[in-house]
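Trainee: Take this structure, written in structure tokens, and hold onto it; I'll ask about it next.
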Amino acid sequence: MHGVRTGLHVCRGNWSRQEDVLLTGDYTPLLPAFRNMHVDQFVLEYATPRAGELRVVGEALGGRELGLGCVNPRTDDAEDPATIVARAGEALQYFRPEAIFLNPDCGFGCFANRCVNEESHAVAKLHSMVAAARVLRERFA
Amino acid sequence: MFEVTQVGSWPRSRDLLRALRDKQQGRMTRDEFERVADAEVRRCVEHQVAAGVDVVVDGEQRRDNFYSFVTDKLDGTRLMSLAEMLDTVEDKAAFEEMLATLDVPASAIRNPTCTGRLQRREPLAVGELRFVQQLTDRPVKVALPGPYLLTRSMWVGAYTRKVYRDKTEMGDDVVRILREELQDLRDAGAAFVQFDEPVLTEVVMSEDCNRRTFM
């Protein structure tokens, strides 16, 4: 749609901190559906190994935008900006710098009574993403 | 390039959870609840601006969850806990086992069950957007539940079959409502509208894709 950026967010569940009850697998089975969707950006999980390789979506949908999930909303410790920079470096093999957004894998509290994190940790994770974005912009400006 | 944003939701404070419970149990008016939520959204946006986030969200502080909140906005819906829904599920044992296996608390997660013809009483998220726009000049992202998630969760046969022939007929109304909402959000100046479809992975990755999912 003209005049607004549209996105599709697909994750594997965000209701529990037990990673083993959340689903595992890359996005291969969803690629045919993704290709047919008229959205600008795919907002996807890539902060945990459960999500599979970036290559799967990169090779199929490199012409679109990627909302790169780069911090885990369900853990206490903020990710090192260097780790986020490295992940974005992988995404750059398939997407232009302008087409890459940095975001957490999912929300920090999708269910009011079952929030997966607390505010101080969420704030620290925002700071990590912003620090990573600064490094990336200097490198690719 | 490398714009920083969020997927949408932010942790809730104790004050907000208490207010949400009071509203849901009729002990607090909607206006009173919105005043509590306003303060929470303000703090959430301040954190994002201070951190240097490029595209901000309201943290979904006014929402019970990212899709059940539509019951506040749509005619023909009723907020039901999964525990309440259990009464209507054909295979109760299997549903309970699924909730236990997945570590889903049946009383804490609520569903937007379709109990009548669906119609927007008010926009789903334009109010959320306008409030954030008062707080910052930064671009704003709004998340909406996707059409598949809404159709799948809202259809609870025991209630919905009385008003819609099948999921497809109800789904057409869901799509119409989301289209109208997307246009309204664009016209109100949203920079980014994101549709959430977490259940898609469950459909393609779990062994039995026809079972009742909790979403």
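Trainee: If you rank B:GLU40, A:GLU90 by fewest surrounding Cβ atoms within 10 Å, what's the result?
Mentor: Going from least to most buried by this count: A:GLU90, B:GLU40.
Trainee: Report the net charge of residues surrounding B:PHE195, where surrounding means a beta-carbon distance below 13 angstrom and charges are Lys +1, Arg +1, Asp -1, Glu -1. If you can, show how the numbers build up before the last one.
Mentor: Details: positive: A:ARG5, B:LYS141, B:ARG179; negative: A:ASP40, B:GLU181, B:ASP196, B:GLU197.
Surrounding charge for B:PHE195 is -1.
Trainee: A further question follows. Can you list the lysines whose alpha carbon sits under 22 Å from that of B:LYS92, skipping same-chain ones fewer than 8 residues off?
Mentor: B:LYS162, B:LYS167
Trainee: About its Cα centre, what dipole magnitude does chain B give when the only charges are +1 on Lys and Arg Cβ and -1 on Asp and Glu Cβ, stated in debye to the nearest 20? Mind showing how you got there, number by number?
Mentor: Details: 32 positive and 38 negative charges, 113 e Å.
Rounded to the nearest 20 debye, it is 540 debye.
Trainee: Using only C-alpha atoms and all pairs of different ones, pull out the Kirkwood radius for segment A:7-140 in Å with one decimal.
Mentor: Details: mean 1/r = 0.0660 Å⁻¹.
Computed over Cα pairs of segment A:7-140, the Kirkwood hydrodynamic radius comes out at 15.2 Å.
Trainee: Summarise the partner chain shielding of A:89-101 as one whole number: the mean count of Cβ atoms from other chains within 10 Å of each residue's Cβ.
Mentor: Numbers: counts 0, 0, 1, 1, 0, 0, 0, 1, 2, 3, 2, 3, 9.
If you average over the peptide's residues, the count of other-chain Cβ atoms is 2.
Trainee: Moving to a separate point now. Among A:LEU92, A:ASN72, A:ALA51, whose Cα lies farthest out toward the positive end of the dipole of segment A:7-140, if unit charges sit on the beta carbon of Lys, Arg (+1) and Asp, Glu (-1)?
Mentor: Projecting each Cα onto the dipole axis, the largest value belongs to A:LEU92.
Trainee: Follow-up question, since we're still on this one. Calculate the dipole size of segment A:7-140 relative to its Cα centre from +1 charges on Lys and Arg beta carbons and -1 charges on Asp and Glu beta carbons; express the result in debye to the nearest 20.
Mentor: Rounded to the nearest 20 debye, it is 260 debye.
Trainee: Here's a follow-up. Using only atoms on other chains, find how many Cβ atoms lie within 10 Å of each Cβ of peptide B:86-99 and report the average.
Mentor: Working: counts 0, 0, 0, 0, 0, 0, 0, 0, 0, 0, 0, 0, 0, 0.
So the per-residue partner count for this stretch is 0.
Trainee: What angle, in degrees between 0 and 90 and rounded to the nearest 10, separates the Cα long axis of helix B:92-101 from the longest principal axis of the Cα atoms of chain B?
Mentor: Value to nearest ten degrees: 40.
Trainee: Around B:ASN65, what is the net charge, scoring Lys/Arg as +1 and Asp/Glu as -1 over all other residues with Cβ under 12 Å from its Cβ? Spell out each step's value before the answer.
Mentor: Values: positive: A:ARG114, B:ARG12, B:ARG62, B:ARG63, B:ARG110; negative: B:GLU60, B:ASP64, B:ASP72, B:ASP196.
So the environment of B:ASN65 carries a net charge of +1.
Trainee: Still on this model: Tally Lys and Arg at +1 and Asp and Glu at -1 over the other residues with C-beta under 12 Å from the C-beta of B:ARG78: what net charge comes out?
Mentor: Details: positive: B:ARG110; negative: B:ASP72, B:ASP75, B:GLU84.
Result for the local shell: -2.
Trainee: Relative contact order for chain B: what percent, with Cα pairs under 8 Å and sequence separation of 6 or more?
Mentor: 21
Trainee: P(r) for segment B:59-130, please, calculated from all Cα pair distances in 10 Å bins and given in %.
Mentor: P(r) for segment B:59-130, in whole percents per bin: 19, 42, 28, 10, 0.
Trainee: Right, here's the next one. Can you give the log10 of the normalised intensity I(q)/I(0) at q = 0.08, 0.16 Å⁻¹, computed with Debye over equal Cα scatterers of segment B:52-205?
Mentor: -0.25, -0.93
Trainee: With labels modelled as points extended 7 Å from the Cα through the Cβ direction, what inter-label distance (nm, one decimal) is found for B:ARG42 paired with A:ARG139?
Mentor: Placing both labels 7 Å beyond Cα along the Cβ direction yields 4.0 nm.
Trainee: Okay, next question. With angles folded into 0 to 90 degrees, how steeply does helix B:126-135 sit against the dominant principal axis of chain B? Use alpha carbons for both and round to 10.
Mentor: Computed tilt is about 20 degrees.
Trainee: Would you compute, from DSSP H runs of 4+ residues alone, the mean residue ellipticity of the protein assembly as shown at 222 nm, taking -39500 (n - 2.57) per run and dividing by the full residue count, rounded to the nearest 500?
Mentor: For the protein assembly as shown, the value works out to -12500 deg cm²/dmol.
Trainee: Filter the trypsin sites (Lys or Arg not before Pro) in segment B:1-60 down to the DSSP loop ones having no more than 15 other Cβ atoms within 10 Å, then list what survives.
Mentor: Those that pass, being in a loop and sparsely packed, are B:ARG27.
Values in this text are rule-based calculations from the coordinates and carry no lab data. The model shown is predicted, which means the values in this text are computed figures rather than measured ones. Methodologically, a virtual Cβ is constructed for each residue, glycine included, from the backbone with ideal geometry; neighbour enumeration extends over all protein chains shown.
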